[in-house]
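Here is the structure we will look at.
The values are calculated or read from the model by the stated rules, or taken from the named source; none is laboratory data. Everything numeric here is computed off the predicted structure, so don't read it as measured data. No Cβ is skipped: glycine too gets one built from the backbone with ideal geometry, and neighbour counts run over all protein chains shown. These area figures cover heavy atoms from the full protein model, side chains too; ligands, DNA and RNA do not enter into them. Shrake-Rupley method; radii C 1.70, N 1.55, O 1.52, S 1.80 Å.
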Amino acid sequence: MMYTRGNKQDYDFNVTGWNWEDIKPYFLRFEGLQEPSRLPKSSGAYHNTSGITPIGYFGDSGNPWHQRIVEGLTSVNFPYNPDVNSKSQIGVSKILGFTSGGERVSTATAYLGTKNVKESLKIIKNTKCTGVIIDTENIARGVTIARGFNDTLNIFTKKEVILSAGAFNTPQLLMLSGIGPKEHLEEFNIPVKANLPVGHGMSDHVLPIINVRVDHDSMPSSNILSIGSKLWQGLSWLLMRSGPLASNSITDLTAFANTECYDFKLRRLLNDRPECELPNLQLIYAYIDKGLLSMVKSLYEIAAPHSPEVMNQVVSANEESSFIVVSPVVLKPKSRGWVKLASSDPFEQPAIIPNYLSDKRDVEEMVRAIKLLEQVVETPAFKNFNASILKLHISECPAFDEEGYWECYSRHMTHSVQHAVGTAALGQVVDERLRVKGVKNLRIADASVLPHLPRGNTAAAIIAIGERLSDFLLQDRGLE
């Protein structure tokens, strides 16, 4: 739900018509900033209050760790940055989000609820697209859909087909339709319509989960008074859309930095050269009450699928302490993966080979981030509450830092941030107007067209791509 655009350099794709100045108007177009007075006046040029998608601040969680985390980071010279979507990303910030009136905002709630959309857009529910219909002249004529195994239909278009199925399913649909690497398609006896590097170049934000043990500030989660407090919070949200349940706890706090500009001897983040304004790290925070994990262990196992060895240690430690869960996100990973067909059957999931940490520089970046966090945890704001990083015993890992513990830890504790991009990239698979190369009347508008990741959460960038495609469609039909 975080509203972050990344850095303006993230949109220099080396493709005609694609740089920050080209894409910036589309970020502004959809943004409906609420409470602009909470931002500095200097932020005015970077925001819009009249867009279709409400963007606002999360409610107050009442968690004292909000301020403690800010104090800890500023004590190692992270600046407090009230707006990471303006001139600079660097620093710790209370982030804007896709939220309004104490509720989550999505593209569905923002766009589909408007009157003109309801009147003109036909949505077929409970339906799976199984491929694009491409004729002998390589013109997309429509799509095939399935509403169950025995109910298939061909739907034909008067103008164009637009795929927006995401970084995994868009390449799958392209390859099923004959658009992709020639040799791979021939493995499945799929006639080749266009030999393109579909599925190649996938990148994704990754992070090693770090649990910081801290003193508990209130009563245990199982305490009857604590349960009563939770019920009151629920009523506050149901009746007034306010209170802690209108927040996302401490997760609206984030920080951006370039770890190569952190001086470990001085224990300070520096900004003494231009590259220090280009973050390679984002810190995301969450809070877990003491004793909570044992109560919701089955849910936690789904959210964070650790090995039994790790899971038992984490749950046991949470019986003694609350956790600040820190996610140090590698913003510009060097590793690249790919998406392939596992079968020519559209009901089979594609084969996803993310190839995380195949480039050792990503692991080195994780270790730098963890060592930075070790110094943050040693600041008074944290030490006053007996903070310490939970060091897990992992059978395959050495015991000591100097022997490579954190490198090994990172390889065992890394998770996806679910930000995959690049599997139908601009300049490679689609042209500057998002048209699939070699096939007429077929375009793509989703995360798959981004050649590389922005330095931040991807939602805002993907919505901007959708807005830009709408302009391309109108322009190309002379309707603007």
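Output the pairs from Lys332/Lys371; Lys24/Lys94; Lys193/Lys437; Lys265/Lys371; Lys8/Lys437; Lys334/Lys360 with a Cα-Cα distance over 20 Å in this structure; if there are none, say none.
Lys24/Lys94; Lys8/Lys437
Could you state the angle between the C-alpha long axis of helix 65-74 and the longest principal axis of the C-alpha atoms of the chain, as a value from 0 to 90 degrees rounded to the nearest 10?
Tilt of helix 65-74: around 90 degrees.
Within region 66-84, name every residue whose backbone N is under 20 Å away from a label modeled 7 Å from Cα of Arg267 along the Cβ vector.
67-80
Which angle between 0 and 90 degrees, to the nearest 10, do you get for helix 166-176 versus the longest principal axis of the chain when only C-alpha atoms count?
30 degrees
Filter the trypsin sites (Lys or Arg not before Pro) in region 251-319 down to the DSSP loop ones having no more than 11 other Cβ atoms within 10 Å, then list what survives.
Lys265
Which is the longest part of the chain that has none of the chymotrypsin sites (Phe, Trp or Tyr not before Pro) sitting in a DSSP loop with at most 16 other Cβ atoms within 10 Å?
1-148
Using 0.36 nm per residue, how much length does the chain from Ser294 to Gln475 gain when fully extended, once their Cα-Cα distance is taken away?
59.5 nm
Report the GluC sites (Glu not before Pro) located in region 280-386 that are in a DSSP loop and have at most 12 other Cβ atoms inside 10 Å of their Cβ, or state none.
Those that pass, being in a loop and sparsely packed, are Glu319, Glu320, Glu348.
Leaving out ligands, DNA and RNA, what percent of the accessible area of the chain is carbon and sulfur, probe 1.4 Å?
C and S atoms contribute 52 percent here.
Return the long-range amide H neighbours of Ile55 (sequence gap of 5 or more, or a different chain), with a cut-off of under 5 Å between placed amide H atoms.
Gly32, Leu33, Gln34
Roughly how far apart, in whole Å, are the Cα centres of region 1-75 and region 428-478?
Region 1-75 and region 428-478 have Cα centres spaced 21 Å from each other.
By a straight-distance test (C-alpha under 13 Å), which aspartates and glutamates pair with Lys128 as possible cross-link partners, with residues fewer than eight away in the same chain excluded?
The qualifying aspartates and glutamates are Asp151, Asp345, Glu348.
Could you state the number of Å between the C-alpha centres of region 252-309 and region 329-346?
The distance from the Cα centre of region 329-346 to that of region 252-309 comes to 24 Å.
I'd like the orientation of helix 459-476 relative to the chain: the angle between its Cα long axis and the longest Cα principal axis, in ° from 0 to 90, rounded to 10.
Approximately 20 degrees, to the nearest 10.
Counting other Cβ atoms within 10 Å, keep those with at most 13, restrict to DSSP loop, and tell me which trypsin sites (Lys or Arg not before Pro) in region 136-204 are left.
Listed in order of number, the matching sites are Arg147, Lys158, Lys159.
Divide by every residue of the chain the summed helix terms, -39500 (n - 2.57) for each DSSP H run of at least 4, and state the resulting mean residue ellipticity at 222 nm, rounded to the nearest 500 deg cm²/dmol.
Rounded to the nearest 500, it is -8000 deg cm²/dmol.
Which length gain, in nm to one decimal place, applies between Tyr80 and Ser358 when the Cα-Cα distance is subtracted from 0.36 nm times their residue separation?
96.7 nm
Taking square-rooted eigenvalues a ≥ b ≥ c of the alpha carbon gyration tensor, is region 94-218 rounded, prolate or oblate, where a/c under 1.5 means rounded and, failing that, a/b exceeding b/c means prolate?
Oblate shape, in that a/c is at least 1.5 and b/c is the bigger or equal ratio.
Under a point spin-label approximation (7 Å from Cα along Cα-to-Cβ), what is the Thr114-Glu374 distance to one decimal in nm?
Placing both labels 7 Å beyond Cα along the Cβ direction yields 5.2 nm.
Under 4.7 Å Cβ to Cβ, no partner at all: give me those cysteines from the chain, in residue order.
Cys129
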